[in-house]
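To keep things clear, I will list the structure first and then write my remarks on it.
The values are calculated or read from the model by the stated rules, or taken from the named source; none is laboratory data. All values derive from a computational prediction rather than experimental measurement. Here the Cβ positions follow ideal geometry from the backbone for every residue, glycine too, while neighbour counts run over all protein chains shown. Heads up: the accessible areas ignore ligands, DNA and RNA and are worked out on the full protein's heavy atoms, side chains in. Shrake-Rupley method; radii C 1.70, N 1.55, O 1.52, S 1.80 Å.
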Amino acid sequence: MLQTMRPFGDRVLGADIAPIGGLYDVVVIGGGISGIQIARHAAGRGLRTILLEKDDYGGGTSSATTKLLHGGLRYLEQYDFPVVAESIAERRYLGIAAPHLVQPRSFLLTAFDWSEPKAPILGAGVALYESMAGHRNSKIPKDLHSRRFRWVKKDALLKQVPWLQPEGLVGAWRHDDTLNVHPERLLLSILGSYVQTGGTAVNHAEVTEAHRDENGRVDGVTAKDRLNGQEHRIRGTVTINAAGPWVEEVLGELSGKVGVKVRQAKGVHLLMKNLGNKDGVFVRGRNGRHIMVNPWEGRSLIGPTDTPTDGSADEAKATEEDVELILETIDSVAAKPLDRDAIMTTLVGVRPLVDDGSDTYRASRRFDIFDHSGANVPGIYTVTGGKWTTGRAMGARVIDILVEKEKLPPTRKFDSRYQPVAGAFGDFDTVGHAFESALSRFRNLPVPKACRMHLARLYGTAHEAVLGLVAADPSLGERISPDTDCLDIKAQIVYAVEAEAARTFRDILDRRLVLGTMGPVSEVAMGNVVDVVVGKLGWDRDEAKAEADAYLAEQEAVLAVVRQFQK
């Protein structure tokens, strides 16, 4: 058993690495938003905690979103008032914790004369929604305050959303919700908060076995380093399975014994060239499906689908049928068919839903906690369901339950509601003032103002560390993809590997930078990434080139589906 060595090399994040291979109070499996929030609250309560993620942090469902932290207006239609109330509260807490990464986004809730519910009913729903969010601007920076809802008449609506079908259009209710500007960066900031409280996190560490002692209690796991194949035994008083759609795989042979079932819903988005609307558009197509068109980074996100899927979530891909469903929905409310050549790529994620007997489109976004001691497998819990917006509340509740049931020894109280995430700028009246302060740092570096603002938004106060790399080597201030509108610079690649545990090109491109989230990565940009990785970080050029080629090959497979719809 490893006691003093560092398993998983330098991918270990956390100030206190000594217990690795020793005994933890809590072992959390799963590095999506659910697992990270659970681990954060365990460490916040003073419990020795380790988080294990088989791929990369946020590499599954947590990054495949519509870029929203919403209160769940659609759930009012399902009378799921508790989820809506909690979501509205949690949306505000995230705005307080990370105002550099969270901002208001106006949405137009459209109404046609043929659509249900009718415009007056929609208005009543929006009014109820806003009444439940009466304190939405409390403690929020002034320039991020949400406005009150209002009715937008047909003519004004068509000027704002020129692609909408005018026939039968009545108008729209405009209301404010919340944009999750870069979910991958927000998730890393929350992970950073966990590490700052003493937690340890390891990515590319796949749990291959849950161990049981002589009394049948789960007392830890074996985790396999997926990059070098080494296995490590990690002992824990309590193990929490928060692996999302992979929870049954984590349980392995215990799955049948404990009886946990998760229904999988595939969510697919189209990433499009800009459709022209500055506000988000929420519309129900003639097929009865809801769809959002959300402007983001000079592009438009359209989706999501919400359809049942089987098999391993690792194999989930956007199919021609998924793309057809989105196109069918938006074309039914558009003035003319959507320009297929404007499709840049697809995003896909698999949502883990509680198996409550309903179809996935109407399944609740609540979460459930399963104590497997009832199946004679004590020491392990499975958490299913939940969503990005309510992850903080879920994490707090899960740990409260475990502390009470397992008599764990917390050393302190922990209220995360108003705690800033790692990198938050601190006490500024407005986010604009925080960014102005950020722009005053390292004035003489060869980094354009737009790129500096980009770094400040992505990293918060940690952007100074990125600029510090440029100060040491000015070539790192160059843009990675100068022929596109992506503002990422080469220093971010170095920072991703040295400070953020990125170990694959997908880690770097898709979840540390934003380059990989803004559409297909060009060979020119990929060549710049290879040059930095080899020149600055000691990766073998042949190995780096092979990984770059593998990334481009996976990208090509995704684009092949899109090309079926293009000229």
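Brief remarks on what is shown
- Applying a DSSP loop filter and a limit of 16 other Cβ atoms within 10 Å to the trypsin sites (Lys or Arg not before Pro) in region 388-460 leaves 407, 412, 413, 417, 441, 443.
- Pairs over the 32 Å Cα-Cα cut-off, from the set 257/317; 224/261; 142/317: 142/317.
- The portion of the accessible surface of the chain made up by carbon and sulfur, rounded to a whole percent, is 50 (1.4 Å probe; DNA, RNA and ligands excluded).
- Helix-only mean residue ellipticity at 222 nm for the chain, each DSSP H run of n ≥ 4 adding -39500 (n - 2.57), per residue, nearest 500: -10000 deg cm²/dmol
- Longest segment of the chain lacking GluC sites (Glu not before Pro) that sit in a DSSP loop with at most 14 other Cβ atoms within 10 Å: 215-567
- Reach of residue 153 by Cα under 28 Å, taken over lysines that are not fewer than 8 positions away in the same chain: 67, 118, 273, 278, 336
- Taken per residue, the accessible surface of region 135-192 reaches 46 Å², heavy atoms only and a 1.4 Å probe.
- Take every Cα pair under 8 Å whose residues are at least 6 apart in sequence, average their separation, divide by the length of region 89-149, and the relative contact order is 45 percent.
- The peptide list 110-119, 501-510, 233-242, 279-288, put in order of mean Cβ contacts within 10 Å with the highest first, becomes 233-242, 501-510, 279-288, 110-119.
- Among beta bridges from DSSP that stay inside the chain, the antiparallel ones total about 75%.
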